[in-house]
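**Q** My questions will all concern the structure given below.
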Amino acid sequence: MKRSRIKASQIVLTLLYPMAFFCFLNLDQQLDSWAIPIAVLILFSLLWENLTYLLISNLFNWVIAIPLWLVIRAPKEEQTFAIFTASLPFIILLYIGCVLIPEMLIISAKNFIIKAFKRRNTTK
């Protein structure tokens, strides 16, 4: 596959992740299980090429998707914005511990395994 095609697919994945995150934020009443969001998180982690795309996508998530969700949700529920801002330090810590670090570990492990297989196949 051409390098430009891989880069374009990585850019699309980087932009799709905040959209998927936004959709899951809007499904909070209908979501009975965390299995689907966890599966999506693992899928995106396996599809990202490196940590740069992961970090850019998570930055878009916090800069675009979450404020957009707050703007849409705030008029519907009175206390949403106040509760969110009051809980923000805890939300950030949980996000780093439960989302960002596992994503980074999955990408690092995937890249290590791919490099090991490439090295193994080139020596034969």
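**Q** Please give the FRET efficiency for R120 paired with M19, using the beta carbon to beta carbon distance and R0 = 35 Å, rounded to the nearest 0.05.
**A** About 0.40, to the nearest 0.05.
**Q** Compute the label zone of Y95 within the range 49-64: residues whose backbone N is under 17 Å from the point 7 Å along Cα-to-Cβ.
**A** The answer is 53-64.
**Q** Please report the net charge: other residues with Cβ closer than 14 Å to the Cβ of L55, K and R +1, D and E -1.
**A** -2
**Q** Only loop residues by DSSP count here, and only those with at most 10 other Cβ atoms within 10 Å; note down the trypsin sites (Lys or Arg not before Pro) in the range 1-87 that meet that.
**A** K2, K76
**Q** Counting only heavy atoms of the protein chains, get the accessible area per residue of the range 84-124 (1.4 Å probe) and round it to a whole Å² value.
**A** Counting only protein heavy atoms, the per-residue value for the range 84-124 is 76 Å².
**Q** If you work out Cα Rg over 2.2 N^0.38 Å from the coordinates, which of (1) 0.99; (2) 1.26; (3) 1.16 do you get?
**A** The listed entry that was calculated here is (2).
**Q** 222 nm [θ] for the chain, helices only, -39500 (n - 2.57) per DSSP H run of 4+, per residue, to 500?
**A** Roughly -25000 deg cm²/dmol at 222 nm, from the helical runs in the chain.
**Q** Quick one: order E77, E49 from most to least accessible surface, probe 1.4 Å.
**A** From most accessible down to least: E77, E49.
**Q** Please identify the chymotrypsin sites (Phe, Trp or Tyr not before Pro) of the range 1-78 that satisfy two criteria: DSSP loop assignment and at most 12 other Cβ atoms within 10 Å. Which are they?
**A** Answer in residue order: W34.
**Q** Still on this structure, please answer the following. How far is it, in nm, from the label point at A82 to the one at L43 when both lie 7 Å from their Cα along the line to the Cβ?
**A** 3.8 nm
**Q** Mean Kyte-Doolittle of at least 0.0 plus a Cα span of 30 Å or more along the axis: flag which DSSP H helices in the chain meet both, please.
**A** 3-26, 101-123
**Q** Can you tell me the relative contact order of the chain? Whole percent, Cα pairs under 8 Å, sequence separation 6 or more.
**A** Once divided by the residue count of the chain, the mean separation gives 35 percent.
**Q** Of the heavy-atom accessible surface of the chain (probe 1.4 angstrom), what whole percent is carbon and sulfur?
**A** Accessible surface attributable to carbon and sulfur in the chain totals 74 percent.
The values are calculated or read from the model by the stated rules, or taken from the named source; none is laboratory data. Please read all numbers here as calculations on a predicted model, not as lab measurements. Virtual Cβ from ideal backbone geometry, glycine too; neighbours counted across all protein chains shown. Protein only, heavy atoms only, side chains kept; ligands, DNA and RNA dropped before computing areas. Shrake-Rupley method; radii C 1.70, N 1.55, O 1.52, S 1.80 Å.
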